[in-house]
1. Just to verify a result, which residue in the stretch B:92-123, among those that are among the hydroxyl-bearing types (Ser, Thr, Tyr) and either touching a helix residue (DSSP H, G or I) at 6+ places or on another chain (Cβ under 7 Å) or closer than 30 Å to A:Glu45 by Cα (or both), is surrounded by the most Cβ atoms within 10 Å (Cβ to Cβ)?
2. Every residue in the stretch B:96-123 that is among the hydrophobic types (A, V, I, L, M, F, W, C), more than 7 Å from chain A (Cβ to nearest Cβ) and touching a residue at least 12 places away in the same chain (Cβ under 8 Å), please.
3. Answer with yes or no whether A:Trp19 is crowded, with 19+ Cβ neighbours inside 10 Å and either within 28 Å of B:Gly69 (Cα to Cα) or in contact with a helix residue (DSSP H, G or I) (Cβ under 9 Å, 6 or more places away or on another chain) (or both).
4. Of everything in the stretch A:80-120, what is in contact with a Ser or Thr (Cβ under 8 Å, 6 or more places away or on another chain) and closer than 21 Å to B:Val89 by Cα? Give them in sequence order.
5. Please state which of the following conditions B:Phe47 fails to meet, knowing it meets all the rest: (1) within 14 Å of chain A (Cβ to nearest Cβ); (2) touching a residue at least 60 places away in the same chain (Cβ under 8 Å); (3) surrounded by 19 or more Cβ atoms within 10 Å (Cβ to Cβ).
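Here, each number is a calculation from the coordinates, and none is a lab measurement. Bear in mind that the values here come from a model prediction, so they are computed numbers and not experimental data. Using ideal geometry, Cβ is built from the backbone for each residue, glycine included, and neighbour counts are taken over all protein chains shown.
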There are 2 protein chains.
Amino acid sequence: MSAGQAGTTYVELLKSRDWEGLAALLSPDVVYEMPQTRERIVGLERFVRFNAEYPGDWHLSVRRVVADGPSVALWLEVAVGSERMDACVWLDLSADGLITRITDFWPEAYEPPAGREHLTERW
Amino acid sequence: MSAGQAGTTYVELLKSRDWEGLAALLSPDVVYEMPQTRERIVGLERFVRFNAEYPGDWHLSVRRVVADGPSVALWLEVAVGSERMDACVWLDLSADGLITRITDFWPEAYEPPAGREHLTERW
């Protein structure tokens, strides 16, 4: 499986809540990190459980899959009810194509700082 | 120039505040978006000026460059004084290798929600 296929498959398995399929894509000692909260989950079983227990009826759409050698970057749109968020996900793959590290960013909306209104428009 | 080289060069030109070099890498009608603030900057001149005027003595380090065809994903660490932030940057390239679209995410730190302490460790 190419890195790009691994990235696309990772999203598809999450979408379909296919936890067995997801586990088969992960290294047993996979490390999952969320730098914004400084949280880390170590090991395949805990990571699958984290996803299975994740609250809310969330739905994923892919904005970008960029893959190169052992690295994949995913820009996802996450919908929970009427709320929309973006996620930026970085996957590292082992030589045999298993995911060894996942780094998730969940950027939140904020008000723009003053001083750049002469250059920007809003949507 | 390959997509990966374009991504690396983009960061190097920002690092060295080489605004002429940066301009040469951009499509004249480049679109820069920050989805968290719903801000958009249209056009090379405004985007270069936005960077030149950006406040603070910021320094960039590359965590990942992932490039594939017309897409580049950059995970950067941004230091301003003793403060450290991550940035996730998505570049779209034209057929002739110019950057046509830049999407920046600036994920901020937040407190982890309750209910997953049985799976996570903190750092």
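1. Within the stretch B:92-123, the subset among the hydroxyl-bearing types (Ser, Thr, Tyr) is B:94, B:100, B:103, B:110, B:120.
Remaining after also requiring either touching a helix residue (DSSP H, G or I) at 6+ places or on another chain (Cβ under 7 Å) or closer than 30 Å to A:Glu45 by Cα (or both): B:110, B:120.
Details: B:Tyr110: 11, B:Thr120: 18.
Looking at the filtered set, the residue picked out is B:Thr120.
2. Of all residues in the stretch B:96-123, those among the hydrophobic types (A, V, I, L, M, F, W, C) come to B:98-99, B:102, B:105-106, B:109, B:114, B:119, B:123.
Add one more test, that the residue is more than 7 Å from chain A (Cβ to nearest Cβ), and what stays is B:98-99, B:102, B:114.
Selection gives B:Leu98, B:Ile99, B:Ile102.
3. Details: crowded, with 19+ Cβ neighbours inside 10 Å: no; either within 28 Å of B:Gly69 (Cα to Cα) or in contact with a helix residue (DSSP H, G or I) (Cβ under 9 Å, 6 or more places away or on another chain) (or both): yes.
When the stated conditions are applied, A:Trp19 does not pass them.
4. Result: A:Val89, A:Trp90, A:Leu91, A:Asp92, A:Leu93, A:Ala109, A:Tyr110, A:Glu111, A:Pro112.
5. The failed condition is (2).
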